[in-house]
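Q: One structure, pasted below without further comment.
Since every read-out is calculated from the coordinates, none of them should be taken as a lab result. Note that the structure is a prediction, hence the values are computed from the model and not measured. Note that we place each Cβ from the backbone using ideal geometry, even for glycine, and neighbour counts take in every protein chain shown.
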Amino acid sequence: MPITRRTFLGTAGAALATGSLLQAADDAPVRVAVIGTGGRGSDLIRALTTIDGVELVGVCDDYAPHLEQGAKYAGPQAKTFDDYRRLLDDLKPQAVVVAVPLYLHYKIAADCLSAGCDVFLEKTMCYTVAEARTLAAQVAESKRVFQVGLQRRANAIYKQAQAMIAAGMIGQVASIKAQWHRNNSWRRPVPVPKTDANWPRLERKLNWRLYKAYSAGLMAELGSHQMDVVNWFLGKHPKRVFASGGIEYFRDGREVYDNISCLYEYELNGANGKPYTVRVNYTSICNNAYEGAAELILGTKGSLYLTSAKGLLFQEKGTDVVSWEGNKDQQAADANAAIVTAGKTLKLSNDPWAHRGAPFEIDIAEGNDTRDELVSFIDHVRRRDVKTIADAAVGVDDCATILIANQSVEMGGWVPFPN
């Protein structure tokens, strides 16, 4: 379709309307507990305290400084626990938010479901695909509300972008590029000297993301968000992946990669009904922050450049006006790339800005997708709607998508999506 300001705003408005919350059927507070009060858990606690109709009844962590921090954010009404099983037994919360190291996701989430709780589980869903599938089966059997913390699905910018793609506003998706680049070691300080007998244990506890026994590294902690966006926008999981990664810069005892580059292949049906392949390039590095965290969706009619704070839609200007070699305008010729075909040389622009018109902006003045995903979860709990914005099926696909990239690095070849 031709893109005008009217069609753009109409599609964007439809996306926002689709994501709006329904009127709660029950005004009674939802009794919520949080297990895991480290950095991410504390973010979730702060967000929960701003949501009407949430009663934060308890927080739990087995590391005293984190528990103290979480209790401060939660407020005096929230009881504290260093064992989540006692929290479940004593408080019997209606819903539990779980933000613990990845290797503990399955066990704690499964125990919460067995205790009759609705569960919000931080991404990545589980440490292994087998665990994720087992947990998904338990979710289905329990009929509890379950949501994975993939917050871009609650972000108004991404919801608008998905609606625009579905409406054909960028044409047929041709390629996707995404990255999460940071210039940070990812290592957290340990509050005791190395000479302390507790240092090795405490270092691994605080820096669990750096060790394979507890973590799936960059793909699980960062790539899970962005590859979920790709799965969401394309409406399916990848067919296979080839990935390369290693520890090249931060040689400090970590076991997970400090950089990874992936090539995913997705098999889609084109507008003519014929299958075609969309290739997705994903990179994550820890020693250069250029481009930060963003996704670039390239379509035959336009491109979407997305971040959590702003989105830009660039329309394609159409096919090049091709001139044959011998163009008398030397300045124009110098600005073009030569392509030899059928014995003749064509001139196509290689100026990176040549195909970009003035962008349409998707700009949300106020927004917090961490809070928004929790608002959505609480709304589904109230309405007993198990079809959350990132349900167990979404979580399983996302888990498998990122874990096969790590497997590809280890194997050194293409890895198919697991059946």
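Q: Using just the C-alpha positions of segment 43-92 as equal point scatterers, what log10 of I(q)/I(0) does the Debye formula give at each q in 0.19, 0.27 1/Å?
A: Rounded to two decimals, the profile gives -0.58, -1.07.
Q: Segment 56-173: Rg/Rh from Cα coordinates, Kirkwood Rh?
A: That ratio equals 1.08.
Q: If you don't mind, there's one more thing I want to ask. Which residues in segment 239-274 have a backbone N closer than 15 Å to a point placed 7 Å from the Cα of residue 199 along the Cα-to-Cβ line?
A: Zone members listed by number: 253.
Q: Excluding residues on the same chain fewer than 8 positions from residue 143, give the lysines whose Cα lies under 21 Å from its Cα.
A: 92, 107, 123, 387
Q: What list do you get for 411, 125 if you sort them by fewest beta carbons within 10 Å?
A: Ranked by crowding around the Cβ, least crowded first: 411, 125.
Q: Roughly what % of DSSP beta bridges within the chain run antiparallel, to the nearest 5?
A: 65
Q: Please name whichever of 135, 37, 94 sits farthest to the positive end of the charge dipole of segment 24-135, dipole taken about the Cα centre and charges placed at Cβ: Lys and Arg +1, Asp and Glu -1.
A: Toward the positive end, the furthest listed residue is 135.
Q: Work out the length of the dipole vector of the chain about its Cα centre, built from +1 on the beta-carbon of each Lys and Arg and -1 on the beta-carbon of each Asp and Glu, and round it to the nearest 20 debye.
A: 480
Q: Just add up the charged neighbours of residue 184: K/R +1, D/E -1, any other residue whose Cβ is under 14 Å from the Cβ of residue 184.
A: Computed value for this residue: +2.
Q: A further question follows. Hey, could you pull the Cα Rg and Dmax for the chain, both in Å?
A: Final numbers for Rg and Dmax: 23.8, 84 Å.
Q: For segment 214-318, what number results from the quotient of the Cα radius of gyration and 2.2 N^0.38 Å?
A: Expressed relative to 2.2 N^0.38 Å, the Cα Rg reads 1.23.
Q: Just check segment 90-234 against the gyration tensor rule for me: Cα atoms, a ≥ b ≥ c as the square roots of the eigenvalues, rounded for a/c under 1.5, and otherwise prolate or oblate depending on whether a/b exceeds b/c.
A: oblate
Q: Is segment 128-198 best put as rounded, prolate or oblate by its Cα gyration tensor, with a ≥ b ≥ c the root eigenvalues, rounded for a/c under 1.5, and otherwise prolate when a/b is larger than b/c, oblate when not?
A: oblate
Q: Return the ratio Rg/(2.2 N^0.38 Å) for segment 82-147, where Rg is computed over Cα atoms only.
A: With N residues counted in segment 82-147, Rg over 2.2 N^0.38 Å equals 1.01.
Q: Which residue, 214, 226, 250, has the largest displacement toward the positive end of the dipole of segment 206-305 when charges sit on each Cβ (Lys, Arg +1; Asp, Glu -1)?
A: The residue sitting most towards the positive pole is 226.
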